Structures are given as structure tokens and as C-alpha cells.
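The values are calculated or read from the model by the stated rules, or taken from the named source; none is laboratory data. For clarity, every value in this text was computed on a predicted model and none was experimentally measured. FYI the Cβ positions are ideal-geometry reconstructions off the backbone, even for glycines, and counts take in every protein chain you see. Surface accessibility is based on the protein's heavy atoms, side chains included, excluding ligands, DNA and RNA. Shrake-Rupley method; radii C 1.70, N 1.55, O 1.52, S 1.80 Å.
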Amino acid sequence: MAFSSLGIDANGVAWLTLNRPDVHNAFDDHLIAELNAHLDELHTLANQGEVRAVVLGSEGKSFSAGADLNWMKRMVDYDLDDNLADSRKLAKLMHGLDSLPCPSVCRVQGAAFGGAVGLAACCDVVVASEKAKFCLSEVKIGLSPAVISPYVQRALGERQMRRYSLTAEVMDAPTALALGLAHQVVAAEELDVAVDAMLTTLLGGSPQAQRATKALLASVAKAPDAEATREHTCQVIARLRVSDEGQEGLASFFDKRRPAWTEQGWAAHNNNATEPRS
């Protein structure tokens, strides 16, 4: 039985969906393995220009409740090596989502607890329903948000991360928005409209420029004031200016027309829609 699905539409938007609504889309080793396989495929397709954006979402009223209870029961009997192997698979999932070459949007309709906060923090844009709630709940069961901490702390900042990871307080949607974990909060009935609007905005950008910008920002974050970083930024913009898409972007601006990579152009020239895969 598949716990997730991947579908790609005619605009090159990939829809990666958690599908365990009966257990509030909780994580277990099977779901993590499926998501890692889907992300491996998405990295390849995004680098080939066949996927322009990824939407991470889930079925049911909860985004994800975090770790599955049955999975946690099995962990009780794991030794240190088993736990390390298990944790590394989750770390691969977070890194794979965080390092996607193309833009990613997280659609959060309800509760996002534990590792699910990490999923949201790894996406470029988080669009949340007013009913969404976020919680770093790990300390309440004697654990730590260890694997997801680099991504959540980057989103919240060190000071707020200390509070919410130590208290396990629930953040409502307005709090998540104020702290920077969410980018947009809308009424529950407007969530899909807001996600579609964000996708339209993202599809207006150059795919090549977006891939280059994501890679650049990851590099800059590591050493923002290094001489090598400054030189790298110069190399990136120079190469983009002389590239085909860079030339097309400038030409379309001066010609007062839409560039070839816009949503309409993409749909017209790329009829590569695929059926959802489990």
C-alpha cells in the first residue's frame, strides 16, 4: 500500500502528497522511504527542466502529526546502530526537500507536529490555512527535534527556536506567520486558491534563474562575507546574463512581451503531463 503519491501536471508542477489521513499523515519508515524515492526523481526532473515547481501537501484535515505511534513502538527495541540508520533516512528526506533545484511550496491545511515542522521549514514558501498549527513536540516524549533543527532554526531564528523547541508550545497560524515559519495565512476555503496564485507567480520566473538562485543562496548562507562568495556571486550573474534564458528575459522586457518560459508558454510547448505515481 502506498502512503504517498507524485503527479506532474502540464505546467511542470509536481504534486507530492502524503496520503495517510487515517493516522493524520504520520511519518513511519515506509513513508520516509517513499518520499525519498519521489525526491530523488524530482531532483533529476528539476535539473532536466521537466519540473518547474513542487507542491508538498497531504490528504485529510491534518498536514502531518509527526512520528507514527506504531513506528515509535518499534523504535523501543532498536539499538544505537538501528536508530542511527533510521535517523539518517529522515535526514536524507529533509536535505532532499531543502535542496530541490526548483521552487517548492508547502500547503499546510491543519496540524503540523514534530518532523512535519521540518518539512515546512525545508520548503521555499509555506502557505497555511488559518486552521494550521505547528508544534516542535519532541521534548514532551523525551526526544529532541534534532534532525530537523538546522532547517527549523533557520526559519525561526536561534532565539525563537530555543523557546519553541524547549517548551513544545503550539504555534497557531498567525504566530507561525509572525515568526517566519509561514509566508502566507489564508482562510481554510481559500487555501487552494492561494497555492495556485503562488504557483502562477513562481511560473513567471525563469526556470534557469530560479535554479541558479536557490543554489546561490545555499552557498551564500555558508559564508556570506567571504571573498570567494563575492566572486561566486559575480560569476553567477555574469553567466546568467549571457545565457539563452537571460537573453530572452532581457529581450522580452525591452520588447514588452511575455518571456517564453511563462506559464502559458510552458503549457503550450510542454505537453508532458504524467499520471500520479504512488
Mind checking which residues of the stretch 1-35 are surrounded by fewer than 16 Cβ atoms within 10 Å (Cβ to Cβ) and over 21 Å from L199 (Cα atoms)?
M1, A2, P21, D22, D29, H30, A33
What single numbered condition from (1) farther than 26 Å from G12 by Cβ; (2) of a type in the set (A, V, I, L, M); (3) in a loop (DSSP other than H, G, I, E, B) fails to hold for V51?
(1)
Determine which single condition V105 fails, assuming it passes every other condition in (1) closer than 19 Å to G57 by Cα; (2) open to solvent by 10 Å² or more (accessible area, probe 1.4 Å); (3) touching a residue at least 60 places away in the same chain (Cβ under 8 Å).
(2)
Which residues, counting only those in the stretch 129-146, are surrounded by fewer than 20 Cβ atoms within 10 Å (Cβ to Cβ) and either more than 24 Å from L69 (Cα to Cα) or not charged (D, E, K, R) (or both)?
E130, V139, I141, G142, L143, S144, A146
Counting only residues that are open to solvent by less than 50 Å² (accessible area, probe 1.4 Å) and basic (K, R), how many does the stretch 50-70 have?
1
Tally time: how many residues in the stretch 164-177 are in a helix (DSSP H, G or I), under 10 Å from L136 (Cα atoms) and either modelled with pLDDT under 95 or open to solvent by 30 Å² or more (accessible area, probe 1.4 Å) (or both)?
2
